[in-house]
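The values are calculated or read from the model by the stated rules, or taken from the named source; none is laboratory data. For clarity, every value in this text was computed on a predicted model and none was experimentally measured. Neighbour counts run over all protein chains shown; Cβ positions are idealised from the backbone, glycine included.
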Amino acid sequence: MSGLRSWCVRRLLTGAVQTAAVVLLVFALTEALPGDAAVALAGDQPDPERIAALRAALHLDRPAHERLAEWAAGLLHGDLGTSLTSGRPVSGYLADGFEPTLLLAGLTLVLLVPAGVGLGVLAARHEGRFADRLISSVALGVYAVPEFACGVLLVTVFALRLGWLPPTAVGYGTDLLAHPAALVLPVLVLLSRPVCSLARLVRAGMIDALAAPYAVHARRYGVPGARVRYAHALPHAIAPAAQQLARTVDWLLCGVIVVEALFVIPGLGTVLMNAVAERDLPVVQGLAVVFGVATVLLNLGADLVARRFAPRAGVAA
């Protein structure tokens, strides 16, 4: 137990350093962008005197390292800062966009695990036969399509041509559960690539596990095939799949931004895009911290699952 505790502490410290590096990188990149929040607030025909006054009012005339140090000091006390353009606390922006983003990511994960594992097991059971070739070919083809192109294709077919589903979430607000039809296309876009990669990984793991000596001996001694597959082989295939699932969640944080922009969903991705357009640095930094912490915790959880099902693989990770 002490070894596991020290391993978790090391991973958390590494994650904290990585999160700090992400925040510094975001700050540097935002500073490098042309213009700032004062220019965005000044309008299409800015007056240099007005821009200077806005910079002074927003404290943007101070050196960058002073502004970064002040924000970091507030972060240590749980304060994510205040928006430069609206004066609202950054936590308020996060609260507004959290529910739609969490709903999209949660539904995707709930459907991803059984779909990816089920397709992978099905392909492994029929290795080399029609079902295996069909699943592998479709997975490879779908994985090659970018999310934006997949979303445009689905909207064109199911929304514009057939009229079965709404093309965007405009008019539904943040209460998307009350309008489940508006969630179908966004979730399908988010599922398209991760389910393919997860299925292929589970298929490979299942084939290796079913060919291992312990599985061969189990079948030789009369252990039912279903028990060999699901009680013995599947746990060994899940260990690398759990780590792939964590990487998929990392990808979801980026994929949600694209999907929310495409389907006009008012989530964290939309908040981030608006903040970048307005050069609202505190909001961008706040989202970077949230995404960084989520990534660290998800990867830690995935590594713990890997250690549980395959301790040697978990230690190596």
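At a glance:
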| item | result |
| --- | --- |
| Top-ranked residue in the range 62-109 [being in contact with a strand residue (DSSP E or B) (Cβ under 7 Å, 6 or more places away or on another chain) and of a type in the set (Val, Ile, Thr); ranked as nearest to Val22 (Cα to Cα)] | Val90 |
| Residues (surrounded by fewer than 15 Cβ atoms within 10 Å (Cβ to Cβ) and outside any helix (DSSP H, G or I)) located in the range 128-151 | Gly128, Arg129, Ala144, Pro146 |
| Extreme residue, surrounded by the most Cβ atoms within 10 Å (Cβ to Cβ), among residues of the range 156-188 that are touching a Phe, Trp or Tyr at 6+ places or on another chain (Cβ under 8 Å) and touching a residue at least 40 places away in the same chain (Cβ under 8 Å) | Pro186 |
| Helices (runs of 4 or more DSSP H) enclosed by the range 191-292 - at least 2 residues per element that are modelled with pLDDT under 70 and under 27 Å from Ala32 (Cα atoms) | 234-263 |
| Among (1) assigned to a helix (DSSP H, G or I); (2) under 30 Å from Trp71 (Cα atoms); (3) free of Cβ contacts under 8 Å to residues at least 60 places away in the same chain - the single one Ala105 does not satisfy | (3) |
| Options Pro100, Pro146: the member that is closer than 30 Å to Gly286 by Cα and free of Cβ contacts under 8 Å to residues at least 60 places away in the same chain | Pro146 |
| Qualifying helices (runs of 4 or more DSSP H) (wholly inside the range 32-95; at least 2 residues being at pLDDT 70 or above, hydrophobic (A, V, I, L, M, F, W, C) and under 32 Å from the mean Cα position of the chain (by Cα)) | 64-76 |
